[in-house]
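Working notes, beginning with the structure itself.
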Amino acid sequence: MNAKEIKKLFPILDQQVNGNPLVYLDSAATSQKPIQVIEKLDDYYRRYNSNVHRGVHTLGTIATDEYEGAREKVRAFLNADEVAEIVFTRGTTTALNLVAQSYGNDHVSEGDEIVITPMEHHSNIIPWQQLAKRKGAVLKYIPLQADGTIDLVDVEKTITERTKIVSVMHVSNVLGTINPISDIAKIAHKNGAIMAVDGAQSAPHIEVDIKELGCDFFAFSGHKMGGPTGIGALYGRKELLEKMEPIDFGGEMIDFVGLHDSTWKELPWKFEGGTPIIAGAIGFGAAIDFVSDLGFNEIEQHEKELVDYSFERLADLKDLTIFGPKERAGVVTFQLGDVHPHDVATVLDAEGIAVRAGHHCAQPLMKWLNVVATARASYYVYNTKEDIDALANGLVKAKEYFGDVFS
């Protein structure tokens, strides 16, 4: 199935914006949803809407089977050993906060080190900043090379025997950099640290095998891979999760409650307090089915072709700076001369082209790039070379509109 055929499976893309066909280039922020996911959500609410785990009636049984079936799909998707290692969360942010607040609180002490990189999304910076402040730990950063990649020599220098946690994004949401997670994990483990991975931008685009990555925790979201918003998952090694304390308390996660003490359910439910995100998890499972059926070899090859074509089409556009390495995931972040990225995005929107503009929840990286903000085009399975042609033509119009800036 080619991209044009795939595009027809996404109802939202069949519309006009400001009198032009919609060109959606903001999938790194959130992807659009295929009809299979939309119909799965509709089916849940129309046919078997019910709470899970608690009831023995027919609707509750169907809902529970679908909900736990989605967990099995996540397990298989990541190649984890057991469903006990898969915790449903509200998304990558919640998953990383769970690791920081539960595992981090118990294993990080004053003077210990937490290691991340300057390219991280705020979701993989702030939880560690807060943990370091609470514990009196040292937050360290692996330096970046000029093209926005990581040199393993720097990783070796930054991670020490005092390091307890290393947390790195698999794929940069700004630069498209694909980080050498398995190599970083080996260095972390050699020094006695655990390895956490922000997989928000990798899971939708490249095949993820947590055994090959060698990580201890892996967090990702459903909404960036065709699933609903508000749902994601945390993979954690079973022996680590078993020793961790829950941070959300209430219904669903309890085993026994007395007047003065309580006990928790077994994994993974002890981390899922309250009524879970039932429809979201079921839709998440449908999204995993969708991308798995497409095949990650095909997805990766398609996005590589789009990136290569982007460099080809944008190469002749003077005053355009593209940030990041040549080898990358399906993200092209750029600056058009001295025109503010918000203004560029506004002109593109007038042409029906949706791109992201701002700091992309990566302010430390913006400072490293020596810019206030950038514009970003990000691709997914439904994007075509014609979309990139539209982007290139839109940028030419932006240059014409702000002609005085370039004179």
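Annotations
- Among residues of segment 329-343 that are at positive phi and surrounded by fewer than 21 Cβ atoms within 10 Å (Cβ to Cβ), those with a Cβ under 9 angstrom from a residue that is of a type in the set (S, T, N, Q) and modelled with pLDDT of 95 or more, sequence gap 6+ or separate chain, pair up as GLY337/THR321.
- Among the residues of segment 318-327, not one is over 18 Å from ASP147 (Cα atoms) and buried (at least 16 other Cβ atoms within 10 Å of the Cβ).
- TYR103 being surrounded by 15 or more Cβ atoms within 10 Å (Cβ to Cβ), under 30 Å from ILE165 (Cα atoms), of a type in the set (Ser, Thr, Tyr) and in the same structural domain as GLY251 (by TED's automatic domain parsing): yes
- Within segment 159-186, restricting attention to residues that are over 22 Å from the mean Cα position of the chain (by Cα) and surrounded by fewer than 20 Cβ atoms within 10 Å (Cβ to Cβ), the residue that is nearest to ARG328 (Cα to Cα) is LYS186.
- Filter result (in a loop (DSSP other than H, G, I, E, B) and of a type in the set (Ser, Thr, Tyr)) within segment 231-286: THR275
- Filter result for the condition that a residue is at pLDDT 95 or above, among the basic types (Lys, Arg) and more than 30 Å from LEU267 (Cβ to Cβ), over LYS140, LYS190: LYS140
- Among the residues of segment 30-71, those identified as in contact (Cβ under 8 Å) with a residue 24 or more places away in the chain, surrounded by 15 or more Cβ atoms within 10 Å (Cβ to Cβ) and in a helix (DSSP H, G or I) are GLN36, VAL37, ILE38, LYS40, LEU41, TYR44, ALA63, GLU66, TYR67, ALA70, ARG71.
- Single residue of segment 19-29 satisfying the filter (outside any loop (DSSP other than H, G, I, E, B) and within 27 Å of the chain's Cα centre (by Cα)) that is farthest from GLU386 (Cα to Cα): ASP26
The values are calculated or read from the model by the stated rules, or taken from the named source; none is laboratory data. From a predicted model like this one, the values you see are computed outputs, not experimental measurements. Don't worry about glycine lacking a Cβ; one is built from the backbone with ideal geometry, like all the others, and counts go over all protein chains shown.
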